[in-house]
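Structure first, commentary second.
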């Protein structure tokens, strides 16, 4: 199978995942569909990190587009030269996948930190906007009876946990796909190099022994 054709499938998968990540990150800005918390800057530090929009979104769109276009360029790639084309395909795919690794990795880290620290909300006990679950180190995720401590925004704990978990999963899948593509690109480059050497040696033998 042509290397570009297999990369095309991964490209479309990354495209869908990146778009979903952007949507999930945008929803974090509007708890329960309300816009006033964003205008008042009461969303929490991790919501504004753009990990889903920039990290798992636009940075992952780069390898997605590159992988999709590899198929259209064919296996021979650049300037019609087969060896050059294979090298261009392998190099561009590996570099693009590395960018995807950085973007998805950023999304994973921020999402994990956000889930660990908990949401930024107004509590009746403190009568202030704080991070009430910071000291629990993520333990609040399994203590549902404590979620009511956040009075405003309404159901902010459920909102953040759901969306940050989705972003964590999406970023993890993107990371795995890009990592696999890097391995495939390296192995494909090594195999192509070996094959080119073998073909070159065979052609020399044909010329020497007509």
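Structure notes:
- Within the stretch 110-150, the only residue that satisfies the criterion of being surrounded by fewer than 16 Cβ atoms within 10 Å (Cβ to Cβ) and under 25 Å from residue 18 (Cα atoms) is 113.
- Test: residue in the stretch 38-52 that is assigned to a loop (DSSP other than H, G, I, E, B) and closer than 19 Å to residue 172 by Cβ: yes
- Per the listing 37, 29, the residue uniquely surrounded by 13 or more Cβ atoms within 10 Å (Cβ to Cβ), under 20 Å from the mean Cα position of the chain (by Cα) and either modelled with pLDDT of 95 or more or closer than 25 Å to residue 154 by Cβ (or both) is 29.
- Residues of the stretch 106-124 that turn out to be out of contact with any helix residue (DSSP H, G or I) (no Cβ under 7 Å at 6 or more places or on another chain) and over 11 Å from residue 44 (Cα atoms), as a count: 5
- Residue check for residue 67: modelled with pLDDT under 90 and not in a loop (DSSP other than H, G, I, E, B): no
The values are calculated or read from the model by the stated rules, or taken from the named source; none is laboratory data. The structure presented is a predicted model; accordingly, all values stated were derived computationally and were not measured. Backbone-built Cβ (ideal geometry, glycine too); neighbour counts: all protein chains shown.
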